[in-house]
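The values are calculated or read from the model by the stated rules, or taken from the named source; none is laboratory data. It should be emphasised that the depicted structure is a prediction, and the values quoted were computed from it without experimental measurement. Here the Cβ positions follow ideal geometry from the backbone for every residue, glycine too, while neighbour counts run over all protein chains shown.
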Amino acid sequence: MKSRQHKFWLALSIIAVLLLWQIVLIIVTLKENLTSINFNLCNIDLNQTNSSIPRIIHQMWKTDKLSTYPINNSHSEWKRLYPDYTIRLWTDEDLDELISDTTYRYLYDTYKSYPYSIQRADLGRLIVLHSEGGIYADLDVFPCSRQIENLRLSNVSFIIPRAAMGSSLINHFLAAEKSSSIIDDILHEVVPLKFYGRIYIIPYLQVFSTGSIFLTRFLRKYIEASECNKRSLRILSDDEVTKYVTHHVGRSWHSFDGYIFNQIYEYQKLLIFFLTFFIIFLVFVFKHQRVTLTFIKFR
């Protein structure tokens, strides 16, 4: 009986330690990555006469067969509304060829090491914009009108929208000049982060090493570090974004845990609450089991 109780408590203790370890990693990750940007520091005077952003619309998909895209895509709509723009569809093969080039060779191993296609897509769009300049739009991002020409005349190095809720950034719609100094800094900040690979409960947290949350973290530090550099960055409010595009939120690159996390990410405070509740519940269960086993032992 004692041997069984010992094995039971040993197994329970190991499970508890592993769960608590995972929870601590998640909390540390969230604390580092979900800190918001102070958008009051981002006000700039726009020059509406000059632009170094070329008339190119970049989009990406796994292959050139857009019929495999799971929802209605915007590629033909961009061509219809912007006949004077170059509309470029990048495939996985195109990106692989670009990144293996001498200019971006230092990122190739990192790019190939990512376990999720969304991570490669996040990095790929930045490399494409740095290489050619222009405007990037996800395939579920549709143009509203011809007003993007006004956005192109902002005379800034990099344009990125903020999320509709909260104080973070999103990367479904971006614009940049060729060889943007901001994107160059971002690309040199991209490294394989093995830390995220240790989070097994929510594997999707690995995408924190790229994408919107990575950009939010980097640009927050970028804005706070230099009063001058921020003038080359423009952050669009949700109201501004809707003048140019609508987002149908396909999230076609995401796996199931990615879908779950996207729902949780919309309600960050609830996530912290449930994690805290889980820890309290775990402690309660341990105490209850200990009392029960003690009662059985002395019965």
_For segment 105-131: of the residues being more than 15 Å from the chain's Cα centre (by Cα) and surrounded by fewer than 17 Cβ atoms within 10 Å (Cβ to Cβ), which is nearest to Lys65 (Cα to Cα)?_
Lys112
_Take the residues in segment 233-248 that are modelled with pLDDT of 85 or more and surrounded by fewer than 17 Cβ atoms within 10 Å (Cβ to Cβ); name whichever of them is farthest from the chain's Cα centre (by Cα)._
Lys243
*With respect to the numbered conditions (1) outside any helix (DSSP H, G or I); (2) modelled with pLDDT of 90 or more; (3) within 23 Å of Tyr106 (Cα to Cα), which one is the sole condition not fulfilled by Val191?*
(2)
_For a quick check of your reading of the model, give me the residue pairs whose first member lies in segment 67-79 and is more than 15 Å from Thr246 (Cα to Cα), whose second is at pLDDT below 90 and of a type in the set (S, T, N, Q), with beta-carbon atoms closer than 6 Å and at least 6 apart or on different chains._
Pro70/Ser252
*Matching residues, segment 132-150, being buried (at least 22 other Cβ atoms within 10 Å of the Cβ) and modelled with pLDDT under 95*: Ile148
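Scan segment 55-64 residue by residue and report those that are touching a helix residue (DSSP H, G or I) at 6+ places or on another chain (Cβ under 8 Å) and more than 9 Å from Tyr85 (Cβ to Cβ).
Initially, segment 55-64 is screened for residues touching a helix residue (DSSP H, G or I) at 6+ places or on another chain (Cβ under 8 Å), giving 55-63.
Matches in segment 55-64: His58, Gln59, Met60, Trp61, Lys62, Thr63.
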